[in-house]
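See structure below.
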Amino acid sequence: MSSGPMGVDFREYSYAFTKYLIPDAVEHRISARNMWLCTRIRYWAAAAAGTFKLRSSTAPVIDIAANGCLCLEPNGAHREDIYVTGQGALLLVEYWYQAKPDGLAFSVFITP
């Protein structure tokens, strides 16, 4: 488990993670509509190379070689979308989110 963001009142926030196995070679967008505080983002490429981008589909690309990996620890500074490619790659995003008073579940959206 990654550490929490600095200055967060832990009585109001919950920790979670999203694990995503990329099923094909197209770009996928992982979004929480700016409602998460990402503390650690890890990406493991499979036999196929992949790409990784933060913020928008036009942001600078990080190329990841086949069987390569990437680990970023923004410690809560990243709230925006993540874009990935790479068939068979695994993405693991750890984050904190503000607990909802109505108890409804927090949602992460994944779209190709």
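The values are calculated or read from the model by the stated rules, or taken from the named source; none is laboratory data. As the structure is a computational prediction, the values presented were derived from the model and not from experiment. Backbone-built Cβ (ideal geometry, glycine too); neighbour counts: all protein chains shown.
Scanning the stretch 28-57 for residues that are among the small types (G, A, S) and within 9 Å of E80 (Cα to Cα) returns S31, A32, S56.
Inspect the stretch 80-91 for any residue being over 17 Å from F109 (Cβ atoms), without any contact (Cβ under 8 Å) to a residue 60 or more places away in the chain, in a strand (DSSP E or B) and of a type in the set (F, W, Y) and give the result as yes or no. Within the stretch 80-91 (the criterion being over 17 Å from F109 (Cβ atoms), without any contact (Cβ under 8 Å) to a residue 60 or more places away in the chain, in a strand (DSSP E or B) and of a type in the set (F, W, Y)), the answer is no, since none of the residues qualifies. Residues that are hydrophobic (A, V, I, L, M, F, W, C), at pLDDT 95 or above and not in a loop (DSSP other than H, G, I, E, B) are absent from the stretch 22-29 altogether.
In the set (1) surrounded by fewer than 11 Cβ atoms within 10 Å (Cβ to Cβ); (2) touching a Ser or Thr at 6+ places or on another chain (Cβ under 6 Å), G50 fails one condition alone, (1).
When each of D81, D102, D24, D63 is tested for being surrounded by 14 or more Cβ atoms within 10 Å (Cβ to Cβ) and among the charged types (D, E, K, R), the lone residue that passes is D81.
Scanning the stretch 66-78 for residues that are loosely packed, with under 15 Cβ neighbours inside 10 Å and in a strand (DSSP E or B) gives C69, C71. State whether one or more residues within the stretch 28-39 are surrounded by 14 or more Cβ atoms within 10 Å (Cβ to Cβ) and touching a Cys at 6+ places or on another chain (Cβ under 8 Å). The answer is no; no qualifying residue exists.
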